[in-house]
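Read the figures in this text as sums done on the coordinates, not as results from a lab. Note that the coordinates shown come from a computational prediction; the quantities given were computed from them, not determined experimentally. Cβ coordinates were reconstructed from backbone atoms using ideal geometry, including for glycine residues, and neighbour counts include every protein chain displayed.
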Amino acid sequence: MSSSLPGNLGSVSTTGGPNLQEYVLQGTILDQSAEALVHRLRALCDNVDQGLETFRDHEMVFALHTGGQTNNQVMLRARRSLDQADSPWQLRYLGQTDLSDKSRAVTVRSYLDALTSDTLPAFLNDIGFRLDHEFVAKGHMFRKGKMKVLVSKLFKFQKPNDLQNLEAMTSSRLVELSVVAPSGSENIADDMKVFAEQLKPLVSMDKV
């Protein structure tokens, strides 16, 4: 079955508040091994009784330069499902990775998100943001408790706005394990590492 909201949002209906953080592990797997990973996830995860949950999302990444150097910029992500014509845009801000504790087993960053109207890309352009890059992500979404697992194939546009002619970026797929939770939920990292161990040797999940 298909998700009615973008893959990075899933069935979550609430917006991210100022005290939320995203805990992340990522890995990659070759296309020819992806089916074996999907079977493993079906055995481990909760949302498979009614069939596989799929997504096909368009993501646009906008940048606002705030100084003279190119690395001094604010990035916002606009994402929506391509499976339903009236699906809302999801606006996300992902903060800088928290590097204060190098002993952490997962990536931790601040997280804000909100559902918006169809005019989001035009609005971002109007206030000074410029499109940095865009892509289409297709794949499967799994859930295990609070954890969400995305197995995504990423595609780039051969021509602007042409969704019929997409080109695969690589011969592999991105695997992302994430949890959005209140700041200070340190036990989540342990749960994520335990789950990630169950995906070996198919894929090794690491902090970014």
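Assuming R0 = 30 Å, can you tell me the calculated FRET efficiency for the pair Thr66 and Asp206, based on Cβ-Cβ distance, to the nearest 0.05?
The computed FRET efficiency comes out at 0.50.
So what J values fall out for segment 147-158 if you push phi through Karplus, 6.51 cos²θ - 1.76 cosθ + 1.60 with θ = phi - 60°, rounded to Hz, Gly and Pro as x?
Once rounded to whole Hz, the list reads 7, 10, 10, 10, 10, 10, 9, 9, 10, 10, 7, 7.
Taking the Cα centre of the chain as origin, sum charge times position over the Cβ atoms of Lys and Arg (+1) and Asp and Glu (-1), and report the length of that vector in debye to the nearest 20.
Dipole about the Cα centre, nearest 20: 300 debye.
Determine the equivalent ellipsoid of the chain by diagonalising the alpha-carbon gyration tensor, then write out the semi-axes as square roots of 5 times the eigenvalues, largest first, rounded to whole Å.
Each semi-axis is √(5λ); the values are 26, 22, 17 Å.
May I have the pair-distance distribution P(r) for segment 92-145, computed from all Cα-Cα distances with 5 Å bins from 0 and rounded to whole percent?
4, 11, 12, 19, 21, 14, 12, 6, 0
Out of Thr97, Thr116, Leu131, whose Cα points farthest toward the positive end of the dipole of segment 76-135 (charges: +1 Lys, Arg; -1 Asp, Glu; placed on Cβ)?
Farthest along the dipole direction, towards plus: Thr97.
Within segment 155-185, name every residue whose backbone N is under 15 Å away from a label modeled 7 Å from Cα of Ser33 along the Cβ vector.
The answer is 171-176.
Can you return the aspartates and glutamates within cross-link range of Lys146? Criterion is Cα-Cα under 19 Å, with same-chain partners fewer than 8 residues away left out.
Filter leaves Glu22, Asp46, Asp49, Glu53, Asp113, Glu176, Glu186, Asp190, Asp191, Glu197, Asp206.
Among Lys148/Lys207; Lys156/Lys200; Lys153/Lys193, which pairs are too far apart, with a Cα-Cα distance over 18 Å?
Lys156/Lys200; Lys153/Lys193
Using Cα positions and a limit of under 21 Å, work out the lysines in reach of Lys159, with same-chain residues fewer than 8 apart set aside.
Those lysines meeting the cut-off are Lys138.
Can you tell me which of 37-46, 50-59, 118-127 comes out highest on packing, and rank the rest after it, using the mean Cβ neighbours within 10 Å?
50-59, 37-46, 118-127
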